[in-house]
Amino acid sequence: MNELKDLAKRARSIVIEMIGSLGKGHIGGSLSIVDVLVILYYEQMHIDPSNPRMKNRDRLVMSKGHAGPALYAFLAMKEYFDLENITTLNQPGTILPSHCDMNLTNGVDMTTGSLGQGLSAAVGMAISSRVDKTPFNVYCVIGDGESQEGQIWEASMFASQMKLGNLIVFLDHNNLQIDGSVEDINSLSSPSERWRAFGWNTQEIDGHDLQAINEAVERAKRCQDRPNLIVAKTIKGKGWKKIEGTVKSHSMPVTKEDVAEALGGLK
Amino acid sequence: MSDTIEMRQIFCDALIALAEKDERIVVLNSDSRQISGTKAFDDAYPDRTLNVGIAEANLVTVAAGMATCGKKPFVHAFGPFMTRRCFDQIFISLALARLNVVLVGLSPGIMAEINGATHQGYEDVALMRTIPGMTIVEPLDGIQLRKMIPVLLTLPGPVYLRYFRGVTKDVYPQNYEFCLGKADVLREGKDLSLIASGIMLEFVLKAANILASQGVDARVLNMHTIKPLDQEAVLRAAHETKAILTVENHTVIGGLGGAVAELVCEEYPVPVKRLGIMDRFGEVGNMAYLRKTMGIDTENIVDSALTLVRAKQ
């Protein structure tokens, strides 16, 4: 676990440098999902960076597409592309637009950014695995603000109807969105109950506890007759103390001084 | 041969035949299986069909996810719900993602008849035209539809196929070869050009006959591919006939007429008249009533053509 903690720190430092090189960006929701991604990329997903289109690879759909920087940190660490690219985030001609684009970035499985759509795409992938009799798991990360989109619930109903045991969804439950707290704006209270009512196998964990995340995925993999939701209770901006749990961290300016301070705090 | 067979049956039979050789083909419905007439496909390939229920946004994006895994989905819904209901899903998850999914818009425009304003989508082509990389096709008869389908599977991005699911008269011979993006000249002529697609061509051809009896020699183009538009055929029509009348089962804003007018205005201005649905909503009625009410019947095509030819002189 110590090695995984170091990898999570490294990913956070890459996210901070990436967004710092641009001077602004979606840093809060990128940092909140890092610990989930470290488990997926280093412990759980069946992938081969040298063969990114491998037919039976596990898929990851970042449905909360603005968290692209978090995904890119891991893709760079896994050498899907050269780490040097991180300083080109959102620069003209970049392979790293902050919202995920499967045609621009090696290792990205689905184009996302218009909230609510990625989960449906993940459902389509999970169904394809069954149609092709090619077993693989599909992981999907959705946001709690994103869950205000009706399409999330269309996808949720249908995944349950199809009994997609190979679909494992993480809800990045940091309880913040652009205009304030999810609870105040359009509450997603008791998400586990809601998803259970939709026919899903649900778990709730501390989304920054690496061991808990790993165990939750293991349990989800054993549940083959229903789709799986793991509610990851997270802190927006996790790892950069100054912005943790703040509304403004959704998308904010990040200066060179901020980067130095944030990186210092990670050490 | 297909004069007595519904277009949807021809479509389904063609899919079944193709699916036998091409295991990538899957069929998705949104509680639209009865309407799309694809039940026989479901029976033939029960593992390659989905019915997501009444949820078009999910329908389109599930298809996108399947396409990322190499599938070739044919997706069905009523025309307006296939397009305006899930425009963003088509724009982002299909077009930006560059995924080859065929969206089948059933009963567009006046074909929705007594379902009225809610189901008479007159804007589907205009919406789809604004999406980069989108291909838009509308077949005239069963032969063209059958020849068209395999070509649609070879494209790098999404396709919008709008078509009439009922019985049509055969216009093309059995040995017809479909060429995407290349308009078919159904009738040569020098006095003006009539450009249309799908169900409107029956009335355009009738109008051309009436015009001929009045000494007006009308060229008729079947613009079966509305995007990408056959610019060469349109500009040749402008050069050679010096007047163009477009006829469409669609709003005059942004559809076939819009596409033709934009091109002709910029490249070789000649008089252009667009016949189609004016800036209004639909209403209940059968197709004959709606053609008359909306001004896209044979009589109005003839009158508009004569006015246009006179203006040219």
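Of all the listed residues (A:Glu204, A:Glu218), the sole one being farther than 23 Å from A:Gly239 by Cα, more than 8 Å from every other protein chain (Cβ to nearest Cβ), without any contact (Cβ under 8 Å) to a residue 60 or more places away in the chain and within 20 Å of the chain's Cα centre (by Cα) is A:Glu218.
If you go through the range A:18-69 and keep only what is assigned to a helix (DSSP H, G or I) and of a type in the set (A, V, I, L, M, F, W, C), you end up with A:Met18, A:Ile19, A:Leu22, A:Leu31, A:Val34, A:Val36, A:Leu37, A:Val38, A:Ile39, A:Leu40, A:Ala67.
The residue list B:Ile90, B:Ile143, B:Ile131, B:Ile114 contains one member that is more than 13 Å from the chain's Cα centre (by Cα), within 14 Å of chain A (Cβ to nearest Cβ) and either surrounded by fewer than 24 Cβ atoms within 10 Å (Cβ to Cβ) or not in a helix (DSSP H, G or I) (or both), which is B:Ile131. Within the range A:244-258, the set of residues being assigned to a helix (DSSP H, G or I) and either under 12 Å from A:Gly25 (Cβ atoms) or in contact with a Leu (Cβ under 7 Å, 6 or more places away or on another chain) (or both) comprises A:Val247, A:Ser249, A:His250, A:Asp258.
Quick check on my filter: what residues within the range A:128-172 are of a type in the set (Asp, Glu) and either at pLDDT below 95 or assigned to a strand (DSSP E or B) (or both)? Answer for the range A:128-172, where residues must be of a type in the set (Asp, Glu) and either at pLDDT below 95 or assigned to a strand (DSSP E or B) (or both): just A:Asp172. Is it true that some residue in the range B:170-185 is outside any helix (DSSP H, G or I), among the basic types (Lys, Arg) and buried (at least 17 other Cβ atoms within 10 Å of the Cβ)? There is no residue in the range B:170-185 that is outside any helix (DSSP H, G or I), among the basic types (Lys, Arg) and buried (at least 17 other Cβ atoms within 10 Å of the Cβ). Just one of (1) outside any strand (DSSP E or B); (2) surrounded by 15 or more Cβ atoms within 10 Å (Cβ to Cβ) fails for B:Leu275. It is (1).
Considering the range B:73-87, the residues that are assigned to a loop (DSSP other than H, G, I, E, B) and away from every other protein chain (no Cβ under 11 Å) include one that is surrounded by the fewest Cβ atoms within 10 Å (Cβ to Cβ), namely B:Arg84. Of the candidates A:Gly165, A:Gly245, the single residue that is more than 25 Å from A:Gly113 (Cβ to Cβ), touching a residue at least 40 places away in the same chain (Cβ under 8 Å) and more than 17 Å from the chain's Cα centre (by Cα) is A:Gly165.
Results for (1) within 18 Å of A:Ile152 (Cβ to Cβ); (2) away from every other protein chain (no Cβ under 14 Å); (3) among the small types (Gly, Ala, Ser), shown as yes or no for each residue.
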site: A:Leu75; (1), (2), (3): no, yes, no
site: A:Phe81; (1), (2), (3): no, yes, no
site: A:Leu89; (1), (2), (3): no, yes, no
site: A:Pro92; (1), (2), (3): no, yes, no
site: A:Pro97; (1), (2), (3): no, no, no
site: A:Gln117; (1), (2), (3): yes, no, no
site: A:Ala121; (1), (2), (3): yes, no, yes
site: A:Ala126; (1), (2), (3): yes, no, yes
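Suppose the filter is crowded, with 16+ Cβ neighbours inside 10 Å and either among the polar types (S, T, N, Q) or not in a loop (DSSP other than H, G, I, E, B) (or both); does A:Tyr72 pass it? When the stated conditions are applied, A:Tyr72 passes them.
Residues that are out of contact with any helix residue (DSSP H, G or I) (no Cβ under 7 Å at 6 or more places or on another chain) and either within 14 Å of chain A (Cβ to nearest Cβ) or without any contact (Cβ under 8 Å) to a residue 12 or more places away in the chain (or both) within the range B:20-41 comprise B:Glu20, B:Lys21, B:Asp22, B:Glu23, B:Arg24, B:Asp31, B:Gln34, listed in sequence order. Comparison of B:Cys69, B:Cys12 shows that the only residue that is within 21 Å of the chain's Cα centre (by Cα) and free of Cβ contacts under 8 Å to residues at least 60 places away in the same chain is B:Cys12. For the range B:214-257, filtering for residues that are outside any strand (DSSP E or B), within 23 Å of B:Gln120 (Cβ to Cβ) and either aliphatic (A, V, I, L, M) or touching a His at 6+ places or on another chain (Cβ under 9 Å) (or both) leaves 5. B:Cys265 meets all of the listed conditions (1) over 19 Å from the mean Cα position of the chain (by Cα); (2) in a loop (DSSP other than H, G, I, E, B); (3) not charged (D, E, K, R) but one, namely (2). Taking the range B:49-72 as the range and being within 7 Å of chain A (Cβ to nearest Cβ), part of a helix (DSSP H, G or I) and touching a strand residue (DSSP E or B) at 6+ places or on another chain (Cβ under 9 Å) as the test, the residues that pass are B:Val62, B:Ala63, B:Ala64, B:Gly65, B:Met66, B:Thr68.
The values are calculated or read from the model by the stated rules, or taken from the named source; none is laboratory data. Remember, it's a predicted structure, so these values are computed and weren't measured experimentally. Positions of Cβ are backbone-derived with ideal geometry, glycine not excepted, and every protein chain shown enters the neighbour counts.
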